[in-house]
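Data first, discussion second: the structure below is written as structure tokens.
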Amino acid sequence: MNRFSELDVAAWREDGFAIVPGFFPAAELAPVLADYERLYGITGEGEGAAIDRKEPGDIGALGGFRDKQFKNIDTLPYGGSAELDLLSLHPALIAFARSLLGVDDVHLYQSHTWAKYTGETDYDQDFHCDFSNHTLVVPSDDQALRTVDFIIYLTDVTNELGALHYVPRQKADDILGDGRVGAFDPAKQAALKAVELSAASTAGTLVAHSIDTFHRGTNLTQDKGYRFTMTVGYKAAGNDMIAYHAWQQTGNNDWSRIMNGASPEQLCCLGIPEPGHAYWTPRTLKLTRARWPEMDMLPYFAAAGVVP
Ligand SMILES: O=C(O)CCC(=O)C(=O)O
Ligand SMILES: [Fe+2]
């Protein structure tokens, strides 16, 4: 059964944002949460007291981008439990991405963790869109060639714990005009802030957003607070305008939990052809089995009519 509704799909298409509380039940996230606690801990650097930005030169701005905001981020595969490695390929995420983009074949093109801590830095940012490091052009007018960025909340993300703030698409267009140029002008930033909404929600929430929707990170102010999220991006298979990670580049890292635990449908989201595809010949079948001896390759052999 789908974990999202047609209203969520409509909200994403209309506003560029859909917030779905309870998408992931607590039991499903428990092993993942344990991994975050082990990998990152629940305390950051410093005393856990809120830092109120600003470095010299930031005066007048809403916030700024600084390197420390982007600490505690790792890329798939994560070296934790199978649940952690497989969360980005959860069948419910695949189903949601298919519905949002309106295509049958979707690929995972981004997956990273993110742990933020009160006092590590000031996480307050200016309003921005995320597409500049996902495409060298701009997101398409064709919905199928757009992308969806999911943010999975592993912990509660309240306003005191750095909830993302955003402006629905039409409101941003009204303020910035169709060209959306000059968004970093302080007057435009203030106008966006006047109508911003918060994506604050509980652990287990899934936020789906478009990479050309205006939003910003906000600061963690709760004493000793921490916020664990995962960012997961999907695009239509074959959409070469969009990229972020190249999974193949880390092919020598430990992909075993994914290669051995994912279904053919999940593996297809990483660009691995499904059983029955012409790629699978006696040679590619045998060599792939030699590379991943514990992968369940029976469906691939069977569909090719090759005896394992
Ligand atoms: O983590 C968040 O809440 C938003 C951060 C953000 O928008 C960014 O760094 O691009
Ligand atoms: Fe962003």
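Just a few scattered comments:
- Set L164, L197: member being within 16 Å of ligand 1 (Cβ to nearest atom), more than 18 Å from the chain's Cα centre (by Cα), in the same structural domain as L93 (by TED's automatic domain parsing) and within 16 Å of F17 (Cβ to Cβ): L197
- Those residues of the range 102-134 which are touching a strand residue (DSSP E or B) at 6+ places or on another chain (Cβ under 8 Å), under 21 Å from H90 (Cβ atoms) and more than 13 Å from ligand 1 (Cβ to nearest atom), in sequence order: V103, D105, V106, H107, L108, Y109, S111
- Of residues in the range 226-244 being out of contact with any Phe, Trp or Tyr (no Cβ under 7 Å at 6 or more places or on another chain) and part of a loop (DSSP other than H, G, I, E, B), the one surrounded by the fewest Cβ atoms within 10 Å (Cβ to Cβ): D240
- Being within 13 Å of ligand 1 (Cβ to nearest atom), closer than 20 Å to F17 by Cβ and crowded, with 20+ Cβ neighbours inside 10 Å holds for only one residue in F150, F96, and it is F150.
- Taking the range 214-240 as the range and being touching a helix residue (DSSP H, G or I) at 6+ places or on another chain (Cβ under 7 Å) and away from ligand 2 (no atom under 16 Å from the Cβ) as the test, the residues that pass are F228, Y234, A236, N239.
- Here the range 261-308 is the region considered, the condition is being more than 21 Å from A92 (Cβ to Cβ) and among the polar types (S, T, N, Q), and the residue that is surrounded by the fewest Cβ atoms within 10 Å (Cβ to Cβ) is T281.
- Failed item, numbered, when H245 is tested on (1) in contact with a helix residue (DSSP H, G or I) (Cβ under 8 Å, 6 or more places away or on another chain); (2) under 30 Å from D141 (Cβ atoms): (1)
- Flag if D130 is within 16 Å of ligand 2 (Cβ to nearest atom), charged (D, E, K, R) and in the same structural domain as I73 (by TED's automatic domain parsing): yes
- Flag for T135 being over 26 Å from I272 (Cβ atoms) and either assigned to a strand (DSSP E or B) or more than 14 Å from ligand 2 (Cβ to nearest atom) (or both): no
- Selected residue [acidic (D, E), assigned by TED's automatic domain parsing to the domain that holds D185, at pLDDT below 95 and within 16 Å of ligand 2 (Cβ to nearest atom)] from D67, D52: D67
- Filtering the range 190-204 for residues that are crowded, with 21+ Cβ neighbours inside 10 Å and basic (K, R) leaves an empty set.
The values are calculated or read from the model by the stated rules, or taken from the named source; none is laboratory data. Please read these numbers as outputs of a predicted model, since none were measured by experiment. Using ideal geometry, Cβ is built from the backbone for each residue, glycine included, and neighbour counts are taken over all protein chains shown.
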